[in-house]
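A short write-up of the structure that comes next.
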Amino acid sequence: MTGRLTAKQHVQKAAGHELGEVFDAIATAARQIARKIRFAGLSDVIGAAGAVNVQGEQQQKLDVFANEILTQELGKVRSVAAIVSEEDEEPVAFQHEGAKYVVIFDPLDGSSNIDVNVNVGTIVSVQEVAGDLQTALKQPGSKQIAACYVVYGPSTVLVVTTGAGVASFTLDEDDEFVRTADGMRMPEQGPYYSANEANASSWPPAYREYIAMLQRGELGGKAYSSRYIGSLVADFHRTLLKGGVFLYPPTAKTPRGKLRLLYEANPLAFIAEQAHGAATNGATRILDLMPEEIHERTALIVGSRREVDALQKAVLAAGDSL
Ligand code: AHG
Ligand code: MN
Ligand code: MN
């Protein structure tokens, strides 16, 4: 598709040359991950890698591949001081004198869906390293310089914000991410709620009552349907386009929430807010949470403002907040 801006050109225009280089590296890695996924069944990248990651989760071969590619491509960018990955216990620092960004990512999101040919993704957050790296990693999500995700599905789509709205790019037949939308806005209210209801019995009661209220059509008279893909990026992408709410409340197994603050909740919360949506942990705006450690988890409720505000009001009224 000619005449359309590429992801690198869009970011360069919006936020300068150096950040454009970071997103060029992310796009290069995403192209290779997309290709690996497309032909996964023909090569041996399906299945477990035989190791367990820092999360105590069975690493999939594609988790390892995606992590290696992103580390390799970002390691070539002089303005990247370090990376933090879901798959690595500690940050990986590069010898890049005066580099100003730390890039924090979930290289392959939705790993449980790889073997069944369902959408998976990559999620990335970019923070500035003003002083030392440890201080940079304790910044709230509101300080993010940029965020993006890639959803690998029937088409491969990259969605980006640098703080001036949300744009999407689609991988075209020339293997280039070309801009297909800009100034994206999440609908005020949506037709779907998205949650793993198998956990409902161990949610704080306010969350069960909230879902029941949506099912009864008591939020603005809207009737809701349920959609849950089990890949956060895919569930979020549908919410960005159609509206509604995604929620992963605290459960008995994950009382602090399952999703990771730095490389799942923060980048998606930044994109949601830039598209006039909202994101909370049930009590506090996600972007205001002060991280203590790089792999910490949080409850995540993200989506259209109408649904997220109603949830936060219900949870605070019940005193169920974390
Ligand atoms: P990851 O594959 O990076 O570990 O992330 C999986 C996450 C997220 O993608 C999804 O929303 C959630 O796990 C699904 O969890 P449940 O299977 O417990 O519903
Ligand atoms: Mn994930
Ligand atoms: Mn992952």
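None of the figures in this text is laboratory data; all of them are computed from the coordinates on show. Since the structure is predicted, the reported quantities are computational estimates derived from the model, not experimental observations. Note that we place each Cβ from the backbone using ideal geometry, even for glycine, and neighbour counts take in every protein chain shown.
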Going through the stretch 1-95, which chymotrypsin sites (Phe, Trp or Tyr not before Pro) have at most 13 other Cβ atoms within 10 Å and a DSSP loop state?
39
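If r is the Cβ-Cβ distance from residue 115 to residue 223 and R0 is 41 Å, what FRET efficiency results, to the nearest 0.05? Mind showing how you got there, number by number?
Numbers: r = 34 Å, r/R0 = 0.84.
According to the calculation, E is roughly 0.75.
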Label point at residue 313 placed 7 Å out along Cα→Cβ; residues across the stretch 219-257 whose backbone nitrogen lies under 11 Å:
219-220
Partner aspartates and glutamates whose C-alpha sits under 14 Å from that of residue 13, ignoring same-chain residues fewer than 8 away, are 21, 24, 182
Highest mean packing first, using Cβ neighbours within 10 angstrom, the peptides 301-308, 216-223 sort as 301-308, 216-223
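Between residue 97 and residue 242, what FRET efficiency comes out of the Förster formula 1/(1 + (r/R0)^6) with R0 = 51 Å and r the beta carbon distance, rounded to 0.05? Can you show the working numbers first?
Details: r = 46 Å, r/R0 = 0.90.
After rounding, the FRET efficiency stands at 0.65.
How much length is gained on full extension from residue 175 to residue 293, taking 0.36 nm per residue of separation minus their Cα-Cα distance?
Details: separation 118, 0.36 × 118 = 42.48 nm, distance 3.68 nm.
So the chain would gain 38.8 nm between residue 175 and residue 293.
Sort the following peptides by mean Cβ neighbour count (other Cβ atoms within 10 Å, averaged over residues), highest first: 150-158, 238-246.
Details: 150-158: 21.4, 238-246: 23.3.
Sorting 150-158, 238-246 by mean packing, highest first, produces 238-246, 150-158.
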May I ask you to order 164-173, 25-34 by the average number of other C-beta atoms within 10 Å around their residues, highest value first?
25-34, 164-173
In nm, the gap between the two label points placed 7 Å beyond Cα toward Cβ at residue 17 and residue 142 is 3.3 nm
Length gained, residue 134-residue 88, 0.36 nm per residue minus C-alpha separation, equals 15.0 nm
The farthest towards the positive end of the charge dipole of the chain, of the residues 23, 200, 142, given +1 on Cβ of Lys and Arg and -1 on Cβ of Asp and Glu, is 200
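Applying 1/(1 + (r/R0)^6) with R0 = 41 Å to the Cβ-Cβ distance of residue 253 and residue 32, what FRET efficiency is obtained, to the nearest 0.05?
Numbers: r = 34 Å, r/R0 = 0.83.
The formula returns an efficiency of 0.75 here.
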Let me know the shape class of the stretch 7-181, please: from the alpha-carbon gyration tensor, a ≥ b ≥ c as square roots of the eigenvalues, rounded when a/c is under 1.5, otherwise prolate if a/b is greater than b/c, or oblate.
oblate
In nm, to one decimal, how far is the residue 276 label point from the residue 198 one, both placed 7 Å along Cα→Cβ?
3.7 nm
Just to confirm the number: angle between the C-alpha axis of helix 17-38 and the first principal axis of the chain, 0 to 90 degrees, nearest 10?
80 degrees
Using the basic label-point model (7 angstrom from Cα toward the beta carbon), what is the residue 52 to residue 215 distance in nanometres?
3.6 nm
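Could you tell me which of rounded, prolate or oblate describes the chain, using a ≥ b ≥ c as the square roots of the eigenvalues of the alpha-carbon gyration tensor, with rounded for a/c under 1.5 and, failing that, prolate when a/b is larger than b/c and oblate otherwise? Write down the numbers at each step before the final one.
Numbers: a/c = 1.44, a/b = 1.41, b/c = 1.02.
Rounded, since a/c falls under 1.5.
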Measure nothing fancy, just the Cα-based angle from helix 305-318's long axis to the longest principal axis of the chain, in degrees from 0 to 90, nearest 10.
60 degrees
